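Notes for the one structure printed next.
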Amino acid sequence: TVATLNAFHAMGSGLNIVNGNVTFDVSAGMDATKVQETVDNILTITGDLTYTGASTEAMPTFQNLTGVASMTIEGAGDYRFDNVVSAGNIILQDTYKTKVDTIHLGALTTVTSLSDGTTANTLDFSAAAELHLTSLTYYVGGDLTLKTKRDGVLALGELTDTNASAVVTPMTLTVDGPASLTLTGIKGDASAASKGAITLTNVGTANISNFGGTITLGTGVDNATVI
């Protein structure tokens with residue numbers, strides 16, 4: 001309610017570390033500036049973050065948040081979690097996907113699963129011009145599907161299928177949309193029955209090296225170099 005928003009907004013830095021869950025249910029009549037300022041005060045959440053906003057409500061940016069147990073986010077705007085380093089399950093709902101231009105999880109190094117709320121291990125945002133997973137080097141789920149708008153930006157780090165114990169877990173990576181993509185760290189296990197797979201669609205320029213699994217170049221792949 002407006003009253004509870006005002007109460008939590010007044011706590012200021014008292015919200016820097018929340019030992020529990022945080023739930024935002026933003027409705028008409030709430031002050032968008034106060035919502036943003038309340039969000040800005042939250043740096044760490046030991047429990048889960050749930051944010052629900054209507055299609056008419058401004059989506060705040062969670063750029064001061066660094067850690068959370070898990071989060072489920074639904075809003076009509078950019079999903080900005082630029083400084084979240086670790087999280088469990090991350091669900092970025094695709095309810096208003098046509099209004100999401102940027103998804104930023106650029107600092108994320110550890111995550112249990114990613115989902116768009118429709119399909120597990122998938123972020124399908126065909127209207128998004130930018131999708132940032134710059135620091136993510138290993139995805140525990142194994143299968144991962146990422147979709148941006150055609151000629152969008154997909155910022156991937158040195159994604160690998162080798163975990164911290166040097167064990168190769170064959171990965172199935174599906175990418176659709178970005179202007180360019182370079183993959184050098186996904187190897188595939190030559191001794192395994194399944195060596196993993198990479199499937200690309202609508203990728204302007206693709207560079208894949210040292211991969212021992214199956215590569216499928218679908219429609220809209222303009223240039224590809226496979227070594």
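The values are calculated or read from the model by the stated rules, or taken from the named source; none is laboratory data. Quantities reported herein were computed from a predicted structural model and do not represent experimental measurements. Here the Cβ positions follow ideal geometry from the backbone for every residue, glycine too, while neighbour counts run over all protein chains shown. Please note that ligands, DNA and RNA were not included when accessible areas were found on the heavy atoms of the full protein model with its side chains. Shrake-Rupley method; radii C 1.70, N 1.55, O 1.52, S 1.80 Å.
Counting only residues that are touching a strand residue (DSSP E or B) at 6+ places or on another chain (Cβ under 8 Å), exposed (fewer than 13 other Cβ atoms within 10 Å of the Cβ) and among the hydrophobic types (A, V, I, L, M, F, W, C), segment 1-57 holds 1 of them. Restricting the first member to segment 111-139 and to residues that are closer than 15 Å to I90 by Cβ, and the second to residues that are of a type in the set (S, T, Y) and open to solvent by 60 Å² or more (accessible area, probe 1.4 Å), the beta-carbon pairs closer than 8 Å and six or more apart or on different chains are G117/T95; D124/T118; S135/T109; L136/T109.
Assuming H9 fulfils every condition listed in (1) at pLDDT 95 or above; (2) within 30 Å of G152 (Cβ to Cβ) apart from one, which condition is it? Exception for H9: condition (2). The residue that is farthest from the chain's Cα centre (by Cα), counting only those in segment 58-98 that are open to solvent by less than 20 Å² (accessible area, probe 1.4 Å) and of a type in the set (V, I, T), is V68.
Here is a yes/no grid of residues against (1) in a strand (DSSP E or B); (2) closer than 19 Å to V153 by Cα; (3) among the basic types (K, R); (4) modelled with pLDDT of 95 or more:
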{"site": "Y51", "(1), (2), (3), (4)": "yes, no, no, yes"}
{"site": "T56", "(1), (2), (3), (4)": "no, no, no, no"}
{"site": "M59", "(1), (2), (3), (4)": "no, no, no, yes"}
{"site": "L65", "(1), (2), (3), (4)": "no, no, no, yes"}
{"site": "G77", "(1), (2), (3), (4)": "no, yes, no, yes"}
{"site": "I91", "(1), (2), (3), (4)": "yes, no, no, yes"}
{"site": "T98", "(1), (2), (3), (4)": "no, yes, no, yes"}
{"site": "I103", "(1), (2), (3), (4)": "yes, yes, no, yes"}
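Restricting attention to segment 103-114, the residues being open to solvent by 20 Å² or more (accessible area, probe 1.4 Å), under 10 Å from the mean Cα position of the chain (by Cα) and among the small types (G, A, S) number 1. Going by what's in this entry, would G220 be described as small (G, A, S), at positive phi, open to solvent by 20 Å² or more (accessible area, probe 1.4 Å) and modelled with pLDDT of 95 or more? The answer is yes for G220.
What do you reckon, is V111 assigned to a strand (DSSP E or B) and under 25 Å from L136 (Cβ atoms)?
Answer is yes for this residue.
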